[in-house]
Amino acid sequence: MKIIVGLSGGSCTIYGIGVLKVLKELGIETHLVVSTMGEYVAKHECGILLNELKDMATYFHDNKDLAAPIASGSFKTDGMIIVPCSMRTLGAVANGISDNLLTRAADVVIKERRKLIVVPRETPLSVIHLENMLKLAKIGVTIMPASPGFYHRPETIGDIVSIMVGRTLDQLDIEHNLFKRWGA
């Protein structure tokens with residue numbers, strides 16, 4: 001598999017880092033693109049620098065590089081996860097604004113009818129946010145708010161991250177054992 005992972009400037013970068021780590025452990029090829037604010041939030045929230053993020057991915061693409069492979073539909077991938085997804089990035093994707101590699105890669109995934117999962121992090125949500133999410137949902141984009149479940153009785157932040165990462169990977173049919181499933 002080849003998965004594009006986008007980290008934008010929303011809070012909860014810990015979920016994006018979790019996705020990258022699990023995909024690496026599973027031997028899945030990743031193509032990482034990080035927005036300027038995504039880089040800032042990763043450092044601010046998690047103490048993770050851009051070089052450390054790069055090491056978690058198979059390939060790293062600069063957000064300004066609109067000639068990167070992931071900017072073309074002829075470069076086949078199995079999907080894309082934007083985690084976290086800021087409202088700026090969500091709005092750009094919902095309105096076809098491909099002004100950087102992160103939004104262009106999402107646009108390509110949509111036009112090629114591949115799987116796109118966005119993990120928005122904002123609260124409260126405005127009507128504009130909700131309309132942008134609805135617009136994406138109507139064309140088949142999976143909207144996975146950064147809202148973990150607690151039925152598995154998490155005891156650590158890591159447990160909370162695991163359920164969100166696992167549920168996100170479920171959307172791409174990626175097998176994992178990150179949390180105990182309901183009724184299992």
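Quick note: the coordinates plus some simple rules give every number you see, no bench work behind them. Here the structure is a predicted model, which means the values were calculated and not measured. Methodologically, a virtual Cβ is constructed for each residue, glycine included, from the backbone with ideal geometry; neighbour enumeration extends over all protein chains shown.
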#### Entry: Residue-count net charge about Y59 - beta-carbon cut-off 13 Å; Lys, Arg +1, Asp, Glu -1
-1
### Task
Quick one: order F75, F150, F179 by neighbouring beta-carbon count within 10 Å, fewest to most.
F150, F75, F179
### Query
How large is the charge dipole for the chain, taken about the Cα centre, if only the Cβ atoms of Lys, Arg (+1) and Asp, Glu (-1) carry charge, to the nearest 20 debye?
380
### Query
Counting alpha carbon pairs within less than 8 Å and at least 6 residues apart, what relative contact order, in whole percent, applies to region 1-144?
27
### Per-selection metrics, region 47-154 (Cα): Rg and Dmax in Å
14.7, 45
### Query
Normalized C-alpha radius of gyration of the chain, against 2.2 N^0.38 Å?
0.95
### Query
In which sequence would S98, S126, S72 go, from the one with the fewest C-beta neighbours within 10 Å to the one with the most?
S126, S72, S98
### Query
So what is the 222 nm mean residue ellipticity for the chain from helices alone, if each DSSP H run of at least 4 adds -39500 (n - 2.57) and you divide by all residues, rounding to the nearest 500 deg cm²/dmol?
-12500 deg cm²/dmol
### Query
What Rg and what Dmax come out for region 10-93 when only alpha-carbon atoms are used, in angstroms?
12.5, 36
### Message
At a 10 Å Cβ-Cβ cut-off, how would you order L169, L50, fewest neighbours first?
### Response
L50, L169
## Note on the structure
Ranking L53, V83, I139 by how far each Cα lies towards the positive end of the charge dipole of the chain (+1 on Lys and Arg Cβ, -1 on Asp and Glu Cβ), the top one is I139
